[in-house]
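Let me begin by presenting the structure, written as structure tokens, before commenting on it.
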Amino acid sequence: MPQDPIVKLFYSPPSPYVRKTLVAAHELGLRERIELVPAAAHPINRDRTVVAHNPLGKIPTLLIDDGTPLYDSGVICEYLNELGSGNLVPQRGVARWSVLTEQALADGILDAAVLVRYETVLRPEPLRWNDWITGQMEKVTSSLDQIEQRAARFGDRVDLGTIATACALGYLDFRFASLAWRDKHPNAAKWFERFGARASMVATRPE
Ligand SMILES: N[C@@H](CCC(=O)N[C@@H](CS)C(=O)NCC(=O)O)C(=O)O
């Protein structure tokens, strides 16, 4: 029987951070409990509806049942994990720190890639700075090298580390296809082929 939504998520389908939270929700069986509220987060033309709940004006922003806002994507995923009594984040020890570090690595790729996107799409052309773009893309490529090492040991793990990694790789496919990241990262490519076929990833693929 369908269940009523209990939380609201300010979202936009292309956002890889939003995708991370939705993949987590799917994996936890909570997707139906989330009402999606379209948002137009933008670093300059800020979405005032989002800002009213999150002064950073960023998505994802989640409103829980009593209206309390939660952000950012990592906090939302941990909240959903608790709500769904899931196992996406190990509670303690080496496993916990490793999963959270993998999330930070994947989010770091996204932070750099999204900044490059803003620089190339939003910033007026005369103000663009190529060295800065190159620096951000170097962050992406050196982080991909680290993912390549880790991916060899990912196996069938489904947790916040692997979900965040998959969303980062998916974003590179979506916005930076010419980077052709698979060419130099065969372990990551092989792993992503399997993980990317999960129902949670297929249902959240950006168009
Ligand atoms: N650290 C944040 C990053 C979220 C983020 O930067 N989202 C982008 C959309 S992909 C955004 O809201 N940008 C608007 C802005 O930078 O003001 C998270 O993990 O949720």
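The values are calculated or read from the model by the stated rules, or taken from the named source; none is laboratory data. Here the structure is a predicted model, which means the values were calculated and not measured. Backbone-built Cβ (ideal geometry, glycine too); neighbour counts: all protein chains shown. Ligands, DNA and RNA are excluded from the accessible area calculation, which covers all protein heavy atoms including side chains. Shrake-Rupley method; radii C 1.70, N 1.55, O 1.52, S 1.80 Å.
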Requested in this report: Enter the accessible area per residue of segment 86-161 (Å², integer; probe 1.4 Å; all protein chains in place).
Outcome: 57
Query raised in the report: Considering every pair of different Cα atoms, what Kirkwood radius, in Å, is found for segment 9-55?
Result: 11.5
**Report entry** Residue-wise HN-Hα coupling along segment 67-74, computed from phi with Karplus coefficients 6.51, -1.76, 1.60 (Hz; x: Gly, Pro)
**Finding:** x, 5, x, 10, 7, 8, 4, x
**Report entry** Point-charge dipole on Cβ atoms (K/R +1, D/E -1) for segment 1-154, about Cα centre, debye to 20
**Finding:** 100
Query - Using alpha carbons only: equivalent-ellipsoid semi-axes of segment 94-207, gyration tensor based, whole Å - result: 26, 15, 13
Query - Sum of -39500 (n - 2.57) over DSSP H runs of 4+, divided by residues of the chain (222 nm, nearest 500) - result: -16000 deg cm²/dmol
Query - Estimated D of segment 75-140 in µm² per second, where Rh is the Kirkwood radius over Cα pairs and Stokes-Einstein applies at 20 °C, 1.002 mPa s - result: 152
Report task. Would you mind getting me the FRET efficiency between ASP156 and VAL202? Use the beta-carbon distance for r and R0 = 22 Å, nearest 0.05. Result -> 0.85
Report summary line: Here the tail fraction of P(r) beyond 23 Å, over all Cα-Cα pairs of the chain, rounds in percent to 46
Query raised in the report: Simple spin-label model, 7 Å along Cα-to-Cβ: ILE6 to ASN45 in nm?
Result: 3.7
Query - Built amide H within the under 5 Å cut-off of TYR11, gap 5+ - result: VAL37, ALA39
Query raised in the report: Within the accessible area of the chain, what % is carbon and sulfur when the probe is 1.4 Å and the other protein chains stay in place?
Result: 52
Report summary line: Over the Cα atoms of segment 29-102 the radius of gyration and the largest Cα-Cα distance (Dmax), both in Å, equal 14.3, 42
